[in-house]
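The next block holds one structure in the form of structure tokens; read it before the comments.
The values are calculated or read from the model by the stated rules, or taken from the named source; none is laboratory data. All values reported here derive from a predicted model rather than from experimental measurement. Reconstructed Cβ throughout: ideal geometry from the backbone, glycine too, with neighbour counts over all protein chains shown. These accessible areas exclude ligands, DNA and RNA; they are computed on the full protein's heavy atoms, side chains included. Shrake-Rupley method; radii C 1.70, N 1.55, O 1.52, S 1.80 Å.
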Amino acid sequence: MYASFDIVSQIKPYRVSIGANLLDGNALGAQDRLYLCDRFFAKRLQSCGCRVIAVDATEQAKSLDQMSDIIIKLREAGATRKTLLVAVGGGVVQDVATFCASIYMRGIPWVYLPTTLLGMVDSCIGGKSAINVGPYKNIVGNFYPPEEILIDPVLTDTLDAEQKVAGLCEAAKICYARGADVFSHYLALQPGLNMKQQELAKLIELSLQAKKWFIEIDEFDQSERLLLNFGHTFGHALEGATHFRISHGVAVGVGILAAIYHARIIFGADGVADRAIVLEMHIRFLLAQVANLPGILATMDPDDLFDRFGADKKHSSSAYSIVGLAHDGSLKIYKLPHGQESKAAIRQIFVAISQPDFLSGPFPETR
């Protein structure tokens, strides 16, 4: 076992364990459990005698109209109030499991075993579900933590380069949000695609311990935890505008660069803090390893991007809300009043994103 620690939740406390080969060890003797898994792992679990409900890990799978199918399958599989639901997969499976476990028979216990690096470093803790309704991403959801989270870094061997980059972008964001010392510790681990498992386990623990602070001080997203939306408001718009040709974590990475570009609009080309520039360079290093990303971004329509940005649930009726950079490089929430000045600045950011040199630098002219 690499590490274990508890998350103190107002709903219920739960434990996080990081260790090797936890998937196969958990699947043995699993007659009293029901597995909701990414279809990729279905045969592996079935070969251990597990009862399996497999889902395709796509955005469509986490739409509200798909939840009734999962509920029916739970019932047909004989799930009762005492059945333990074990979720095995990435963020889509986690969202589906969190939501369905919370409402099936008014709530059943569940365990989460993330299989993506993004799930391991970020989304596995916090207890949130995020479900799509029609064209609106993550507009429905709730809080329903699992009984336990089991993290097996060995499973990252199944991931491609883009999936690893997605997880590292989220880990970088969390560690940066927690403060300069934590971000320096993150960089000292030399995050990259070919990390050894022991170093990767340290990075996972560091990221989760950083996020743990936000969860325990502000579990229900009223204040400090909102800073973890850094890169997300831009990122969600990018996901939709590319028709999900880029994954969530990669979109967040581009969204972080968009937020840094916003800081250059506010403070001038030389007004961005040094540590934000280090973050910018690191995110660019990661994103450079995603095939054809500039080409995909170049196909986006800035008007479509703006419309999707405007539909984000974090905005109010009078202002756009984004997490951006303060002058010293720390994070702050900006409320941009609806009006021509804000719209022009946001459109300028989206036009810049589609330019060929946005990911490689220097940033397009901000004046």
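Observations
- Largest to smallest principal axis extent of the C-alpha atoms in the stretch 193-239, angstrom: 36, 30, 10
- Note on the stretch 1-160: percent of Cα-Cα distances in each 5 Å bin, starting at 0 and stopping at the bin with the largest distance, equals 2, 9, 20, 24, 22, 15, 6, 1, 0.
- Of the trypsin sites (Lys or Arg not before Pro) in the stretch 252-331, those whose Cβ has at most 16 other Cβ within 10 Å and which sit in DSSP loop: K313, K314
- Note on T156: accessible area approximately 10 square angstrom, rounded to 10, probe 1.4 Å, nucleic acids and ligands left out.
- Gyration tensor (alpha-carbon) shape descriptor, the stretch 190-289, a/c threshold 1.5: rounded
- Straight-distance crosslink candidates among lysines, where the alpha carbon sits under 20 Å from K211 and sequence neighbours closer than 8 are dropped: K12, K128, K164, K173, K202, K314, K332
- For the stretch 147-193, a Kirkwood hydrodynamic radius built from all Cα pairs, placed in the Stokes-Einstein relation at 10 °C and 1.306 mPa s, yields a translational diffusion coefficient of 133 µm²/s.
- For the chain, the mean residue ellipticity at 222 nm estimated from helices alone is -13500 deg cm²/dmol, where every DSSP H run of n ≥ 4 contributes -39500 (n - 2.57) and the total is divided by all residues, rounded to the nearest 500.
- With both residues required to sit in the chain, DSSP beta bridges show an antiparallel share near 40%.
- Ligands, DNA and RNA aside, M195 has an accessible area near 40 Å² when probed at 1.4 Å.
- Antiparallel DSSP beta bridges within the stretch 59-170, as percent of all bridges there, nearest 5: 25 percent
- Top of Q46, Q94, Q222 by mean-square fluctuation, Gaussian network on the chain, Cα under 10 Å: Q222
- In range of the label at N21: residues from the stretch 38-52 whose backbone nitrogen is under 16 Å from the point 7 Å along Cα→Cβ: 48
- Overall form of the stretch 297-367 per C-alpha gyration tensor (a/c, 1.5; a/b vs b/c): oblate
- Distance from the stretch 286-311 to the stretch 237-266 (C-alpha centre basis), Å: 7 Å
- For the chain, fraction of C-alpha pairs farther apart than 32 Å, in %: 30 percent
- Tensor-based shape of the stretch 234-362 (alpha-carbon gyration tensor, a/c under 1.5 rounded, otherwise prolate or oblate): oblate
- When the residues D307, D56 are ordered by accessible surface, computed with a 1.4 Å probe over the protein chains alone, the sequence from largest down reads D307, D56.
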